[in-house]
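Here the structure comes first, spelled out in structure tokens, and everything after it is commentary.
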Amino acid sequence: MCILMCQLFVPVGCRIFKENELKTYRDRVSAMFHHAYDAYLKYAYPYDELRPLTCDGQDTWGSYSLTLVDALDTLIVMGNTTEFIRIANLLIDKSQDFFDIDINVSVFETNIRVVGGLLSAHLFMKRAGMTLEPGWPCSGPLLRMAETVARKILPAFDTPTGMPYGTVNLRNGVPPGETTITCTAGVGTFLIEFGTLSRLVGDPIFEKVAIKAMRSLWENRSTLGMIGNHVDVATGKWIALDSGIGGGIDSYFEYLVKGSVMFNIPELQEMFRGRS
Ligand SMILES: *[C@@H]1O[C@H](CO)[C@@H](O)[C@H](O)[C@H]1NC(C)=O
Ligand SMILES: *[C@@H]1O[C@H](CO)[C@@H](O)[C@H](O)[C@H]1NC(C)=O
Ligand SMILES: *[C@@H]1O[C@H](CO)[C@@H](O)[C@H](O)[C@H]1NC(C)=O
């Protein structure tokens with residue numbers, strides 16, 4: 001989903017590239033992408049990620065060929081429609097048993113990469129010239145997959161604060177004894193995907209839990225209006241008190257801005273500005 005937003009920010013006042021220069025850089029980026037992508041397919045697929053030194057694959061976040069799902073929308077951005085269609089159809093063929101596995105996954109990674117990857121691929125089907133189901137964009141096989149996996153991470157949000165646990169088992173919900181401590185980004189990085197999903201499938205639950213988690217972080221801000229790095233999702237108590245815009249927090253701020261713009265929610269803009 002990130003890619004969609006970044007395209008909006010055309011650099012103003014930067015050096016203007018000549019058309020042939022642009023093509024050179026464009027081709028180079030595409031070559032770099034295909035180098036990485038082909039190596040993943042050759043050495044690591046169907047595992048989640050490529051290990052570049054040993055040239056093999058490993059499952060890291062979920063045993064669902066994570067890199068493939070994550071890279072789908074980039075294929076379209078690179079103009080590789082044939083490969084996009086091939087992979088989209090491959091995922092659709094496998095969709096039956098794709099997420100019914102006894103495995104503990106990161107709620108955050110599953111959302112940004114899998115739910116986000118499937119949703120953007122679903123929305124790109126038209127541009128790719130694929131056959132669309134009647135009712136698209138509110139209907140379609142990739143959308144159903146996104147909804148299936150999102151429903152599997154939904155139990156993580158069932159906490160006293162509404163902030164989600166960091167880990168969920170795709171078959172059994174939150175694992176027994178799971179830690180209640182998670183990072184701020186892991187709490188506040190759902191709205192883009194969950195809001196899009198809610199509006200496409202017509203079920204408000206996803207958008208609701210995403211906003212509730214963000215609001216809960218905000219309600220627990222310090223007297224200076226600041227947000228810490230790690231929080232206890234059972235109590236809202238800060239466990240790591242350092243604040244900033246780096247790892248562990250960054251995408252919370254990102255999603256406040258994008259969420260306020262995408263869904264026209266001024267409250268999130270206020271949270272971004274940190275007014276207490
Ligand atoms: C699309 O991707 C496939 C797999 O990497 C590659 O073989 C093919 O040449 C690419 N096509 C274009 C137009 O980039
Ligand atoms: C998931 O985590 C729980 C709690 O730590 C553990 O008991 C269980 O064995 C894990 N399941 C898998 C498939 O790793
Ligand atoms: C966090 O906010 C919630 C909701 O306002 C409140 O019930 C809870 O006591 C707060 N927790 C702490 C540790 O301040």
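Being open to solvent by less than 40 Å² (accessible area, probe 1.4 Å), under 13 Å from Thr189 (Cα atoms) and in contact (Cβ under 8 Å) with a residue 60 or more places away in the chain: is that true of Gly236 here?
It is false that Gly236 is open to solvent by less than 40 Å² (accessible area, probe 1.4 Å), under 13 Å from Thr189 (Cα atoms) and in contact (Cβ under 8 Å) with a residue 60 or more places away in the chain.
Residue-wise test of (1) open to solvent by 30 Å² or more (accessible area, probe 1.4 Å); (2) hydroxyl-bearing (Ser, Thr, Tyr).
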residue: Ile101; (1), (2): yes, no
residue: Thr148; (1), (2): yes, yes
residue: Ile153; (1), (2): no, no
residue: Asn169; (1), (2): no, no
residue: Ile181; (1), (2): yes, no
residue: Gly186; (1), (2): no, no
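Return the only residue of Ala150, Ala156 being within 16 Å of ligand 2 (Cβ to nearest atom), among the small types (Gly, Ala, Ser) and either under 20 Å from Trp61 (Cα atoms) or without any contact (Cβ under 8 Å) to a residue 24 or more places away in the chain (or both). Full working, then the answer.
Values: Ala150 fails: within 16 Å of ligand 2 (Cβ to nearest atom).
The unique qualifying residue is Ala156.
So Gly129 clears everything in (1) on the phi > 0 side of the Ramachandran plot; (2) in contact (Cβ under 8 Å) with a residue 24 or more places away in the chain; (3) open to solvent by less than 10 Å² (accessible area, probe 1.4 Å) except one condition, right? Which one?
All conditions are met except number (3).
Only one of Arg273, Arg199, Arg215, Arg221 is more than 16 Å from ligand 1 (Cβ to nearest atom), under 16 Å from Gly116 (Cβ atoms), open to solvent by 20 Å² or more (accessible area, probe 1.4 Å) and among the basic types (Lys, Arg); which? Walk me through how you get there before you give the answer.
Details: Arg273 fails: under 16 Å from Gly116 (Cβ atoms); Arg215 fails: under 16 Å from Gly116 (Cβ atoms); Arg221 fails: under 16 Å from Gly116 (Cβ atoms).
Only one candidate qualifies: Arg199.
Quick check, is Asp97 out of contact with any strand residue (DSSP E or B) (no Cβ under 7 Å at 6 or more places or on another chain), under 30 Å from Glu207 (Cβ atoms) and open to solvent by 50 Å² or more (accessible area, probe 1.4 Å)?
Answer is yes for this residue.
Of everything in region 220-254, what is in a loop (DSSP other than H, G, I, E, B) and among the β-branched types (Val, Ile, Thr)? Give them in sequence order.
Thr223, Ile227, Val233, Thr235, Ile245, Ile249
Among the residues of region 189-199, is any in a helix (DSSP H, G or I) and more than 15 Å from the chain's Cα centre (by Cα)?
Yes, the conditions are met somewhere in region 189-199.
The values are calculated or read from the model by the stated rules, or taken from the named source; none is laboratory data. Predicted model, so just to flag it, every value in this text is computed and none were measured. Don't worry about glycine lacking a Cβ; one is built from the backbone with ideal geometry, like all the others, and counts go over all protein chains shown. With ligands, DNA and RNA removed, areas are computed over all heavy atoms of the protein, side chains included. Shrake-Rupley method; radii C 1.70, N 1.55, O 1.52, S 1.80 Å.
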